[in-house]
């Protein structure tokens with residue numbers, strides 16, 4: 001005989017009535033085998049007597065079952081008792097409605113630092129300055145220095161003109177071989193009104209055929225460096241594998257003294273010999289014989 005009061009049962013009470021664990025009650029809810037009449041705002045379930053009967057007898061009460069009318073608060077049900085198989089569950093049940101109160105954080109007491117009062121610095125009174133005496137002393141020194149420099153008038157030291165140093169950069173070009181690079185330098189320079197002049201092997205070959213070489217040497221102005229790098233599709237390289245050597249120089253004499261041979265600009269003979277002597281001594285003898 002199972003006594004069921006006409007009230008709302010908690011999940012724990014339903015587990016006791018059914019003889020199963022609390023975890024089984026939650027599983028029955030998830031599988032839809034057991035319905036809860038009420039779900040509170042905090043997510044807890046409440047079951048009526050009818051919810052429990054519907055779970056025990058999902059197809060309805062058998063004919064041999066009788067309900068004995070009793071007080072509204074404690075109705076009884078007389079029936080042929082049926083054993084409900086209790087599934088094997090884990091020994092540990094989930095505790096319901098357990099509220100964990102957060103621990104209050106301990107607040108460390110504030111330590112007030114004592115601020116030492118700033119001591120006032122003693123202001124020393126400046127002694128009065130005798131400006132008249134200082135002026136007289138300065139004037140006396142100036143007169144002595146002027147008398148010493150009288151003998152050196154007109155003997156100024158000659159000014160030494162600083163020669164502008166050239167910057168040398170090595171590149172490879174995606175345009176092709178040396179002939180293509182040389183023709184593009186000439187064409188773009190004439191179209192854009194820029195100065196340039198070939199030297200070393202490239203310059204010497206314009207006077208007379210020489211042995212094959214692998215690097216062009218050309219003078220350009222510093223302001224035109226970025227332009228030529230872009231137009232000639234240049235990438236930086238080391239000296240041993242370079243196709244083009246740009247000598248950056250703003251010396252006006254380099255360009256004003258250049259001349260055109262076979263459609264290309266080349267530095268004058270004197271500068272050509274000087275450049276070869278500085279950069280390629282092995283070529284110097286050939287250059288001197290060619291440029292006689």
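Quick notes on this structure:
- Picking from residues in region 236-262 that are exposed (fewer than 13 other Cβ atoms within 10 Å of the Cβ) and within 35 Å of the chain's Cα centre (by Cα), the one that is nearest to residue 171 (Cα to Cα) is 236.
- Whichever residue in region 145-202 is in a loop (DSSP other than H, G, I, E, B) and at pLDDT 90 or above and, among such residues, is nearest to residue 246 (Cα to Cα): 195
- Residue check, residue 185 within 22 Å of residue 259 (Cα to Cα) and out of contact with any helix residue (DSSP H, G or I) (no Cβ under 9 Å at 6 or more places or on another chain): no
- Count - residues of region 1-44 that are assigned to a loop (DSSP other than H, G, I, E, B), in contact with a strand residue (DSSP E or B) (Cβ under 9 Å, 6 or more places away or on another chain) and free of Cβ contacts under 8 Å to residues at least 12 places away in the same chain: 1
- A search for C-beta distances below 7 Å between a residue of region 271-291 that is over 19 Å from residue 218 (Cα atoms) and any residue that is assigned to a loop (DSSP other than H, G, I, E, B), counting only pairs 6+ apart in sequence or on different chains, returns 286/210; 290/207; 290/208.
The values are calculated or read from the model by the stated rules, or taken from the named source; none is laboratory data. The structure presented is a predicted model; accordingly, all values stated were derived computationally and were not measured. Every residue, glycine among them, receives a Cβ derived from its backbone with ideal geometry; neighbour counts consider all protein chains shown.
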